[in-house]
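I have placed the structure first, in the form of structure tokens, so that the comments after it can refer back to it.
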């Protein structure tokens, strides 16, 4: 069964509003979670690394104020798309590892398809 | 330059054909990890296999097999007797140490379409 739960799976919002996406690790604690964005027929683009109890590490070109990440507990990370615009429409995916080591595979959420009208 | 190259954007085969998905990676680290993930039409990525840089032993799991060759920096994935359910996008990923932590890098993915 799924070990990472992501919610909602699909959301449609109006331009200018904010959307929060939740990512939960179900049966393990994750000090680190990763947030990806995927455009149609393209690869996963790492947006940021969410660190429990500290600030997220954003990849170059990703606006921190636009994509707010909060990792308040060892099982929950949230991504808030603030003042969403149509260009923010995309597939957002979170992932986590059971162990914080390079050899530990990523477990992915089901993804959230965001459509901004 | 891309660290993980999946040159095949899309492959189309007929059921029961064998198909190999190529993955070439680039790293200067001696310790690194390679992965394959499957993303079916539903969207959720599923972990398939991991290899560390010190283990070049090839692996077979049912109809799936993987060929890891450090000499050519490749980690290819073969599906034998493909089935329609194998239709998905397959991603190869490299995990190497960056600033004290391992951040995975994904290739662009290969879309496999298996026709009945």
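Mean per-residue shielding of peptide B:103-111 is 4, counting Cβ atoms of other chains within 10 Å of each Cβ.
Return the single residue from B:27, B:78, B:105 with maximal mean-square fluctuation; model: Gaussian network over chain B, springs between Cα atoms under 10 Å. Highest fluctuation of the listed residues: B:27.
For the protein assembly as shown, what is the convex hull (Cα atoms) projected area averaged across all directions, in square nanometres?
If you wrap the Cα atoms of the protein assembly as shown in a convex hull and average its projections, you get 12.9 nm².
For chain B, the antiparallel share of DSSP beta bridges with both residues in that region comes to about 90%. Measuring between their Cα centroids, region A:1-21 and region B:1-44 lie 28 Å from each other. With no solvent and one point per C-alpha, what does the Debye sum give as log10 I(q)/I(0) for region B:27-84 at q = 0.16, 0.22, 0.25, 0.29 Å⁻¹? Per q value, in the given order, log10 I(q)/I(0) is -0.57, -0.94, -1.10, -1.28. Calculated on C-alpha atoms, the gyration radius of region A:40-81 divided by its Kirkwood radius gives an Rg/Rh of 1.00. Taking the empirical scaling 2.2 N^0.38 Å for compact globular proteins as reference, chain B has a Cα radius of gyration ratio of 1.04. Normalised by residue number, the volume inside the convex hull of the Cα atoms of region A:11-117 is 100 Å³ per residue. DSSP assigns beta bridges within the protein assembly as shown; of those with both partners inside it, close to 90 percent run antiparallel.
With no solvent and one point on each alpha carbon, what is the Debye value of log10 I(q)/I(0) for region B:77-116 at q = 0.22 Å⁻¹? Each listed q corresponds, in turn, to -0.73.
Quick note: the coordinates plus some simple rules give every number you see, no bench work behind them. These numbers were taken from a predicted model, which means no experiment stands behind them. Reconstructed Cβ throughout: ideal geometry from the backbone, glycine too, with neighbour counts over all protein chains shown.
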